Amino acid sequence: MDLKSEHLPNALDRIAAWRCDPFSVQKCPACDVAGIEIIDRSARPYSEWYALKCGACGLDAALHIPLPGPAGY
Ligand SMILES: [Zn+2]
C-alpha cells in the first residue's frame, strides 16, 4: 500500500523523529500502530530516500526528501 497524500505530513514528522533517535519506535503515519520499519536509502548529499513499512496496515512506501545540496551541510 502506498502512502496517501494526507498522511505525508505525518510521515515526514515520524522520519524527522526517527532521525533524531534511530532507536525510537515510530508509529505508522497511516494507521498509527507503533513499530513501523524505517529504512534510510538516502543518496546524500543530494537527496534523501526513506522506505516506510508497516506490518499492521501493509504500508509500503518510499519517501523522497530533496536536499539543498552539499552547501546545506
Ligand atoms: Zn500502518
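The values are calculated or read from the model by the stated rules, or taken from the named source; none is laboratory data. Remember, predicted model here, so these are calculated numbers, not experimental data. Virtual Cβ from ideal backbone geometry, glycine too; neighbours counted across all protein chains shown.
Taking segment 30-54 as the region of interest, how many residues are farther than 21 Å from LEU67 by Cβ and touching a residue at least 12 places away in the same chain (Cβ under 8 Å)?
Going through segment 30-54, the residues farther than 21 Å from LEU67 by Cβ turn out to be 30-37, 53-54.
Narrowing the set further to residues that are touching a residue at least 12 places away in the same chain (Cβ under 8 Å) leaves 30-31, 33, 35-37, 53-54.
Residues in segment 30-54 being farther than 21 Å from LEU67 by Cβ and touching a residue at least 12 places away in the same chain (Cβ under 8 Å): 8 in total.
Taking segment 23-64 only, how many residues are part of a strand (DSSP E or B) and either surrounded by 13 or more Cβ atoms within 10 Å (Cβ to Cβ) or within 16 Å of the ligand (Cβ to nearest atom) (or both)? Quick ask: steps written out before the conclusion?
Within segment 23-64, the first condition is being part of a strand (DSSP E or B), and the residues that meet it are 27, 34, 37-40, 43, 47-53, 60-64.
Remaining after also requiring either surrounded by 13 or more Cβ atoms within 10 Å (Cβ to Cβ) or within 16 Å of the ligand (Cβ to nearest atom) (or both): 27, 34, 37-40, 47-53, 60-63.
Within segment 23-64, residues that are part of a strand (DSSP E or B) and either surrounded by 13 or more Cβ atoms within 10 Å (Cβ to Cβ) or within 16 Å of the ligand (Cβ to nearest atom) (or both) number 17.
Just one of the numbered conditions (1) touching a Phe, Trp or Tyr at 6+ places or on another chain (Cβ under 8 Å); (2) at pLDDT 95 or above; (3) among the β-branched types (Val, Ile, Thr) is not true of ILE15; which one?
Just one mismatch for ILE15, condition (2).
Under 7 Å by Cβ, and 6 or more places apart or on different chains, what pairs join a residue from segment 1-26 that is free of Cβ contacts under 8 Å to residues at least 12 places away in the same chain with one that is surrounded by fewer than 16 Cβ atoms within 10 Å (Cβ to Cβ) and in a helix (DSSP H, G or I)?
From segment 1-26, the pairs are SER24/ALA17.
Tell me whether segment 4-16 contains one or more residues that are of a type outside the set (S, T, N, Q), surrounded by 12 or more Cβ atoms within 10 Å (Cβ to Cβ), within 16 Å of the ligand (Cβ to nearest atom) and part of a loop (DSSP other than H, G, I, E, B).
yes
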